[in-house]
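Just so it is clear, none of the values below were taken in a lab; they were calculated from the coordinates. As the structure is a prediction and not an experimental result, all values here were calculated from the model. No Cβ is skipped: glycine too gets one built from the backbone with ideal geometry, and neighbour counts run over all protein chains shown.
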Amino acid sequence: MSTQREPMHTALESPRGIWWKPVHRTEKVWFTIAFVWCIVLFAMMPLWHWKGGQNPSGIRRRVEPAAFLARVEEFIREYKVGEENGFPIVEPPPGSDVYLLGRMWSWTPILKLRKGVEYTLHISSLDVNHGFSLYPVNLNFQVVPGYDYGLRIVPSEAGEFRLVCNEFCGIGHHLMLGKVIVVDESGENVAAESTGSGEGE
Ligand code: CUA
């Protein structure tokens, strides 16, 4: 019976000869495909930003939550046209800066905008992170306290749009609803009857 033992392997010495298995040709092919695809996706990010028109170039600046609240309150005072479920409906002049505040657990105010007109929508939060999500339009933005996030928007369709929060923000997260009303050139809110809903409680 042989008691010969394999020599101990130590990482301090270089192994002798060719000890690795040469890379198989198919592995090289797959690696190349994956690498090329990575580069394509990498290039798509800036390309889509400039060419795709999908990532709105936002305006971002720091703002104290209390200062933003004061700005929103002033905005409401100036352009309030009505109320719904205790929430002010605000109709700012076409082309102006509009303000929307997310807080636990509501969106204030209800915005009444005009179709085909560009607005600068400022969104921020008073307390924690919220998610601005406009339905049924696929529009999602992070709403972060301390930041005023400005979006240049042009409403393209008249109707009532539901605003939900898509970032878990506590026990009332699912109740955090809001509304954006878009009226067409004649001031009509065409789709109001069919999609009318009374959220905001
Ligand atoms: Cu705000 Cu969830």
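The table for this structure:
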read-out: Value of relative contact order over region 100-194, rounded to a whole percent, pairs C-alpha under 8 Å and six or more apart; value: 35 percent
read-out: Highest-fluctuation residue, H122, H130, H24 considered, GNM on the chain with Cα pairs under 10 Å; value: H24
read-out: Of N129, N138, N166, the one that fluctuates the most in a GNM where the chain has Cα springs shorter than 10 Å; value: N138
read-out: Dmax and Rg, reported as Rg then Dmax, of region 66-110 (C-alpha, Å); value: 10.2, 29
read-out: Ranked list, fewest to most other Cβ atoms within 10 Å of each Cβ, for V72, V164, V23; value: V23, V164, V72
read-out: Per residue, the convex hull volume that the Cα atoms of the chain enclose (Å³); value: 280 Å³
read-out: FRET efficiency for K80 and N140, using Cβ-Cβ distance with R0 set to 22 Å, rounded to 0.05; value: 0.20
read-out: The chain: relative contact order as a whole-number percent, Cα under 8 Å and 6+ apart; value: 18 percent
read-out: Once exposed loop trypsin sites (Lys or Arg not before Pro) are cut out (DSSP; at most 16 other Cβ, 10 Å), longest piece of the chain; value: 17-201
read-out: Packing-based exposure ordering (other Cβ within 10 Å, fewest first) of Y149, Y99, Y135; value: Y135, Y149, Y99
read-out: Label-point separation, I59 to K28 (7 Å along Cα→Cβ), nm; value: 5.6 nm
read-out: GNM top mover of G178, G102, G17 - the chain, alpha-carbon springs below 10 Å; value: G17
read-out: Highest average packing first - 90-98, 37-45, Cβ atoms within 10 Å; value: 90-98, 37-45
